[in-house]
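Heads up: the structure comes next, in structure tokens.
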């Protein structure tokens, strides 16, 4: 009989009704991996930030019919991933971080299915303590509460996985051709890779996210095989008053306006459509581009359940099973270089200097950086 493999898809989650927007925001900003202030301050500050974000968030979700499409899109990815691995008895479960279904419900469902092994698969290609790290912490606590005991492999990241890079490059290439066919040949076209931003302090503390985004862009451009492409990286969705990593997407759009350069925007850290692509990129930034005179504004769709992307996820599950149980990257061992102290391979187990490239950490040791901040 094929082994029963439970694949748990980590994602952010999104409100499923207008009434869910406020509690969703509160869940987000109460996360100690997101809001890194003393624990006795966090609940009060979270309420203040959530209150300030409620009106714009409600307006954004109203454009989407009052709810996020993320759960349905993740469910479609889950069903496609199951179908892509006919050699195994695979069932995918969804663990959203800030709205239902959350980790505890997913862990209970996994336990009821009685798998032979579990693979934790983040739908965040690049590792951050604020996304995959936070989800891993929530999963460990939920699995313990649910009494789930099974060999578990956690995939921490896959920023330069060849299958993922090739699938992404194919989508960019198709949209590039459409954009060029629309534009005057004399108008230059820049590929603008837009990723969710982070407070600069989190990156300076050792979070590898920004470096991994840069590695993804390099891998995608190499997979595309189009030398001489004008490309830039930027960051969107600033949510708190601190200084965030730059350049911002707004700054890059304004630069393109001054230079009269058309833009092909690529959401490089998102693999599913949601408010930050469908509203922020497609509505707000398009309006900004029109105001500042960008001669053409195009956007590459996220991967969603694109067959090439799903095939890359299936390969990642197979690689993770071969590397586990424990913690692994798409390369098996540690992917980040030594500068990034918040890489999970650096923050657990053997000291960083003693860890070998293919060393792995037991899954029950994983408590991502930022969890105790």
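The values are calculated or read from the model by the stated rules, or taken from the named source; none is laboratory data. None of the values given here were measured: they were computed from a predicted structure. A quick note on method: Cβ atoms are made from the backbone with ideal geometry, for glycine too, and the neighbour counts reach across all protein chains shown.
Okay, here's what the table says:
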| quantity | calculated |
| --- | --- |
| Conditions (1) closer than 28 Å to residue 5 by Cβ; (2) in a loop (DSSP other than H, G, I, E, B); (3) not assigned by TED's automatic domain parsing to the domain that holds residue 324; number of the one not met by residue 187 | (1) |
| Some residue of the stretch 294-312 being without any contact (Cβ under 8 Å) to a residue 40 or more places away in the chain and under 24 Å from residue 11 (Cα atoms) | yes |
| Which listed residue is in the same structural domain as residue 124 (by TED's automatic domain parsing), under 22 Å from residue 125 (Cα atoms) and in a helix (DSSP H, G or I), from 45, 28 | 28 |
| Which listed residue, of 166, 179, is part of a helix (DSSP H, G or I), touching a helix residue (DSSP H, G or I) at 6+ places or on another chain (Cβ under 9 Å) and modelled with pLDDT of 95 or more | 166 |
| Residue that is modelled with pLDDT of 95 or more and crowded, with 18+ Cβ neighbours inside 10 Å, where the choices are 360, 291, 299, 355 | 299 |
| Some residue of the stretch 77-87 being assigned to a helix (DSSP H, G or I), within 20 Å of residue 152 (Cβ to Cβ), within 17 Å of the chain's Cα centre (by Cα) and assigned by TED's automatic domain parsing to the domain that holds residue 19 | yes |
| Residues (more than 18 Å from residue 124 (Cα to Cα) and either under 19 Å from the mean Cα position of the chain (by Cα) or buried (at least 17 other Cβ atoms within 10 Å of the Cβ) (or both)) located in the stretch 256-277 | 256, 257, 261, 262, 263, 264, 265 |
| Residue that is without any contact (Cβ under 8 Å) to a residue 24 or more places away in the chain and within 21 Å of residue 272 (Cβ to Cβ), where the choices are 144, 167, 109 | 109 |
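Residue-wise test of (1) modelled with pLDDT under 95; (2) touching a helix residue (DSSP H, G or I) at 6+ places or on another chain (Cβ under 8 Å); (3) closer than 22 Å to residue 282 by Cα.
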{"position": "1", "(1), (2), (3)": "yes, no, no"}
{"position": "11", "(1), (2), (3)": "no, yes, yes"}
{"position": "20", "(1), (2), (3)": "no, no, no"}
{"position": "29", "(1), (2), (3)": "yes, yes, no"}
{"position": "38", "(1), (2), (3)": "yes, no, no"}
{"position": "57", "(1), (2), (3)": "no, yes, yes"}
{"position": "61", "(1), (2), (3)": "no, yes, yes"}
{"position": "72", "(1), (2), (3)": "no, no, yes"}
